[in-house]
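Written out below as structure tokens is the structure these notes cover.
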Amino acid sequence: MVESNVYFTASLASLIHDIKVGKIVGSYSISQAMLNHFLSTLNESQWSTADELMTIVRETGRICENALPTEAILGNIVRRMLKIIREEYDELNMPQEQIKQTDDSQAASLQKLVTQNSEKSVEKSDYKALYTDLRENLITHLTEIENELHLSHDNLAQQASQHVHSAELILTLGYSKSVEKFLKSVPKERKFEVVIAECAPACRGHLLATSLASSKIDSTIIPDSAIYGYMNRVNKVILGTHSVLANGGLRAASGAFTVALAAKHFSVPVIVLVPMFKMSPVFLFNYEQEAFNLVGSTQSVLPYNTPVSQQVKAYSPAFDYVPPKLITLFISSAGGFTPDYVYRLLAEMYHPDDYNLTK
Amino acid sequence: MEKKEIIQAVVVADNFSECFKPFTTFNSPALLPLVNVPMISYVLETLNRNSVEEVWIVSSTFPEKVREFIKRGIEEHLTWSVGMNVQVIACEVRSLGDAMRELDGKGMIRGDFILMNFDTITNAKLIPSILKAHKDNCKRDKETAMTVVYNKISSGQRTGNEVVIATNKRTKRLLFHQRIHPTNKEEKFKFPLEIFLDNKEVSLHHDLIDPQIAICSTSALPLFSDNFDYDTRDQFIRGIVMDQELQAASIYVEQLPIDQYAAKVSDWIAYHTISQDIMNRWVYPLVPDMGVCALKQQYLFLKNNIYRNNSVKVARNCSIKNDVVLHENVNIGDESLLARCVLGKNCIVGKNCTIRNAYIFDNTKISDNCKLENCIIGASVLINEDCTIKNGTVITNDCIIMKKEEHSGSLIQSKIPDDDDYLQDSFEKLNDKAYKYIENRESTRNDSEDDLDDQEDDDNDAEVYIKLIPKVPNYESSAYSSETDSDDDENDVGVAQEDSIIFLTEVIDSLKRGFDEKSNPDFLILEINSSRYAYNIQLNEVNFFVIKACFNLPVVLDHADALEGFKQVYNYLGDKVIKNYIKGDGAMVDCLNAIVECCEESEKLKPKLMKTLHFLYNEDILTEDIIISWYEDIDKNWVKVALNKFITWLQQESESDSE
């Protein structure tokens, strides 16, 4: 059993516990907590070389993925962390004359990307050399990432004026922080209307409606069953998501597939807001795959006290898979891109060797 | 800033019944696996999710095993170990009441606490809503001892956990409580008339189940200590609710919201139902794939409620129907069929087996062509080829079942315990590793059959349900029911007076001995309380007699100046004993009446009446308002005369105070 694992520290246990029992909720807070955890790992753990640190981080990622397989964000932060360790190490490790060369090669990045693997295999470093500056550099880099995370919602929201216009009818589903901020930062003089599918059984759509109403945005709640009926009048669908898979598909709140299909039928554009940390290099290959879905309490769809409750099987899945062909545009902090482009962003953000943490 | 209050909880790790025998002969019932996790984990996890910070587990059977489990859990960072301090108290207790008295003795409980049993399976959110309700009750009513939490069920179930209650509709104070007997199909319940006379609005409930969750005030523990005949939670509740005059305490009721689940694993039938409920995700988030306990996901959740560990090997042509949990390294052979069952770690199932409604613990091996239905199989059991095991058979750890055996409704254990309870000849030896317990259970089994049919007619698989009903625990046949009361009433009058005289002499004896030996006043209170229950004396009578006894002590009687004598007694008993009884307005009136009666009996004391009252008034035992209002009601002339001056003085005093 993993229990003898030295990497399973008390602080990690309490982080996982807090996420598990719902003390830390929402992807933003989770990633924040994870970054803080790594920051303290950098400072407090026993490590001298980049290789040792990477082992610690990788093990942490593995434990998190075992404990909370549905929280893809944890894995993403771990991959990001590994990537910056590699970068910082390479920078220190590289002989002076080569630095210039890499500067040039960054420009020709597409070609570099394709050839990257073969090149790397030749001069693959073992990350075992000792550098005293490494810790310092990593902390600086990590703080940058934290800032980036901090600003991710704002960066998204700044683009709102390009996408939402006057007199438009926008449809969204459930509650997403990104969507909330996005809609609220549309310039006040533009009058638009929002239709919110309540997203039963949790009905978090109600939260969004009250929040939008308090900032004087016209909002209407509709039951999930009315999504199709409303769609012909809608100008745009704006969704948040739990994570984006490697093929550009979504793992989003259940109901998202209904929305996307209806939008396709009426040729309504579907815009998905993704802060960068939600991009995961994971594919869906099977609906029964580990941790694709999370099935919630049966109570929420069928009361226990009904006479039939023992005779029927009721499920309350939390997520829907939305295939990439139904999505018109992703908006990230860096700007818009199509599902086809996801592979490219992933390659920029994570090192290919880190895609699979569990191995 | 206000200091944050720590939320404490007490978990009783014993059910004080024999329903899980013979498993409980070799291990603590708290560690009996339920869907592959020791049962107590569910309670701990629930408490943890309710952000409880300190938990005491009171354990009397195999406490070292419970302690070992807790220690290992903390090392392994199980979910409940994070942010929660769990401690095991090992003590020899035979009932819940004993456990509570033990806790009271240790004095570790500092405030309101949650009281639960290890066998309560719930996803209730007690905090903040129910805890707040309890705190509000306490604020309104200083005598609140407990807030019990009940859960609504669909009516018609009979598992022995259902209750019929009456509450005050507005305050939710419990006024009547009766457990529904699982086999006597009562159709009528008798409520005392006073309930309806004393309360404006009463609500009656008959659709509630008692999952054994309660929030207790600090005053609950001393109540257990004072009344050492309270053994079970029911006796406690009944004691307080039915004898409201006897106890200055009250109990309130809260209901869980409809979307929260709570049930008690009271016997094997409940074990089966609750296991199925867990697999059907009614108890979310306490479901196998969320990792009850472990901070690690152990199962994949697949269609039809199949939970499968990654390391499980399942032969290609076997069929796994529905509601199945397969733990680490389970191996299932060709052509086997599994439905509604749980398999523990490292279990091996051979070829062509059928397993339905069965619970199989870790490391068990089931050989080819076996048929297992409606049974519980312990850990490390070996079942050889071609066996049929059905109808609620329970096989405990380490047994070996030989080829082609057939068992139906039997209890089999691997060795004969040294316990006295078990007679050697009540076992039939099957082989060195299997002894069958012989017991005439035919009658109970027939009784239960219809019950189970009602519950389970949904499932064709479950034609033969787990029938093993262990002996139904002896529910006290409603001792407090109004019938018995009315029958006894006529005789009571004569007896009651005699009783009170004996009681008075006993109190005098206790006080005299205590006074002479200068023993601990706490013991005196205990002595008085116990005589009080022996003679069934009401609370106000106790107050009356205690005061009377004080004046009838030899010290007072023999002293030249009776008041001086009483002062001596008071110096010793006043703080603890007298103040313990004489608190509250009613008690003061009792005290005054007692003094007057003493004066009438003793010529020596009579002239001192005013001075006695003045002394007690100075000692803050009596208040001026009570004395004055009592004085106005009294119709004895000599008292009026004797106290005239004192009362005038008191009135002046109060007037000057108010100015």
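Here, each number is a calculation from the coordinates, and none is a lab measurement. What you see is a predicted model, and the numbers here were worked out from it, not measured in a lab. Counting neighbours? That spans all protein chains shown, and the Cβs are built from the backbone with ideal geometry, glycine included.
For chain A, the dipole from Cβ point charges (+1 on Lys and Arg, -1 on Asp and Glu) about the Cα centre works out to 1420 debye, to the nearest 20.
Legend: Rg and Dmax of region B:310-384, from Cα coordinates, 10.4, 27 Å. Between the Cα long axis of helix A:96-107 and the first principal axis of chain A there is an angle of about 20°, rounded to the nearest 10.
With semi-axes defined as the square roots of five times the eigenvalues of the C-alpha gyration tensor, the equivalent ellipsoid of region A:163-248 measures 19, 16, 14 Å, largest first. Please report the antiparallel percentage of DSSP beta bridges with both residues in chain B, rounded to the nearest 5. Antiparallel bridges make up about 40 percent of those DSSP assigns within chain B.
Shown for B:Ile258, B:Ile647: other C-beta atoms within 10 Å of each C-beta, ranked fewest to most, produce the order B:Ile258, B:Ile647. For the cross-link pairs B:Lys21/B:Lys135; B:Lys142/B:Lys640; A:Lys23/B:Lys264, the ones whose C-alpha atoms lie over 32 Å apart are B:Lys21/B:Lys135; B:Lys142/B:Lys640. Here the Kirkwood formula puts the hydrodynamic radius of region B:1-56 at 13.0 Å, using every distinct Cα pair. Expressed as a fraction of 2.2 N^0.38 Å, the C-alpha radius of gyration for the protein assembly as shown is 1.18. With neighbour counts taken as other beta-carbon atoms within 10 Å, the residues B:Trp630, A:Trp47 rank, fewest first, as A:Trp47, B:Trp630. Computed from Cα positions, the angle between helix A:109-122 and the longest principal axis of chain A comes to roughly 40 degrees. Once the mean of 1/r is taken over each pair of separate Cα atoms and inverted, region B:275-324 shows a Kirkwood hydrodynamic radius of 11.5 Å.
Given 37 °C and 0.692 mPa s, compute D for region B:8-264 with the Stokes-Einstein relation, Rh being the Kirkwood radius over Cα pairs; round to the nearest whole µm²/s. Taking Rh from Cα pairs, D becomes 174 µm²/s. Please report the antiparallel percentage of DSSP beta bridges with both residues in region A:159-349, rounded to the nearest 5. Antiparallel bridges make up about 35 percent of those DSSP assigns within region A:159-349. Computed per residue of chain A from DSSP H runs no shorter than four, each worth -39500 (n - 2.57), the mean residue ellipticity at 222 nm is -14500 deg cm²/dmol.
Note on B:294-303: average number of Cβ atoms from other chains within 10 Å of each residue's Cβ is 6.
Charging the Cβ of each Asp and Glu at -1 and of each Lys and Arg at +1, and nothing else, the dipole of chain B about its Cα centre rounds to 2900 debye. Global dimensions of region B:299-439 from alpha-carbon coordinates: Rg and Dmax equal 15.2, 50 Å. Among B:Val349, A:Pro352, B:Leu539, whose Cα sits farthest toward the positive end of the charge dipole of the protein assembly as shown (+1 at Cβ of Lys/Arg, -1 at Cβ of Asp/Glu, about the Cα centre)? Selected residue: A:Pro352.
Within the straight-line cut-off of under 22 Å between alpha carbons, the lysines reachable from B:Lys518 are B:Lys548, B:Lys567, B:Lys576, B:Lys579, sequence neighbours fewer than 8 places apart in one chain being disregarded. With neighbours defined as other Cβ atoms within 10 Å of a residue's Cβ, the residues B:Thr120, B:Thr46, A:Thr140, B:Thr159 order from fewest to most as A:Thr140, B:Thr159, B:Thr120, B:Thr46. The trypsin sites (Lys or Arg not before Pro) of region B:506-540 that DSSP puts in a loop, and whose beta carbon has at most 14 other beta carbons within 10 Å, are B:Lys518. Classify chain A as rounded, prolate or oblate from the Cα gyration tensor: take a ≥ b ≥ c as the square roots of its eigenvalues, call it rounded if a/c is under 1.5, otherwise prolate when a/b beats b/c and oblate if not. Because a/c hits 1.5 or more and a/b exceeds b/c, chain A counts as prolate. Shape verdict for chain B, please, from the Cα gyration tensor: rounded (a/c under 1.5), prolate (a/b greater than b/c) or oblate. Cα axes put chain B in the prolate bin. Ranked from largest, the principal axis spans of the Cα set of region B:72-174 equal 47, 36, 31 Å. DSSP beta bridges confined to the protein assembly as shown are antiparallel in about 35 percent of cases. The magnitude of the dipole of the protein assembly as shown, with charges of +1 and -1 set on the Cβ of Lys/Arg and Asp/Glu and taken from the Cα centre, is near 4440 debye.
Projecting the Cα atoms of B:Ile626, B:Ile130, B:Ala166 onto the charge dipole of chain B (Cβ charges, centred on the Cα centre) puts B:Ile130 farthest toward the positive pole.
The alpha carbons of region A:159-349 stretch over 54, 41, 28 Å along the principal axes, in descending order.
Size of region A:148-205 from its Cα atoms: along the principal axes, largest to smallest, the extents are 32, 32, 14 Å. In chain B, helical runs assigned H by DSSP with n ≥ 4 each contribute -39500 (n - 2.57); averaged across all residues and rounded to the nearest 500, the mean residue ellipticity at 222 nm is -11500 deg cm²/dmol. Relative to the longest principal axis of the Cα atoms of chain A, the long axis of helix A:72-93 lies at roughly 30 degrees. Normalised by 2.2 N^0.38 Å, where N counts its residues, the alpha-carbon radius of gyration of region B:225-349 equals 1.56.
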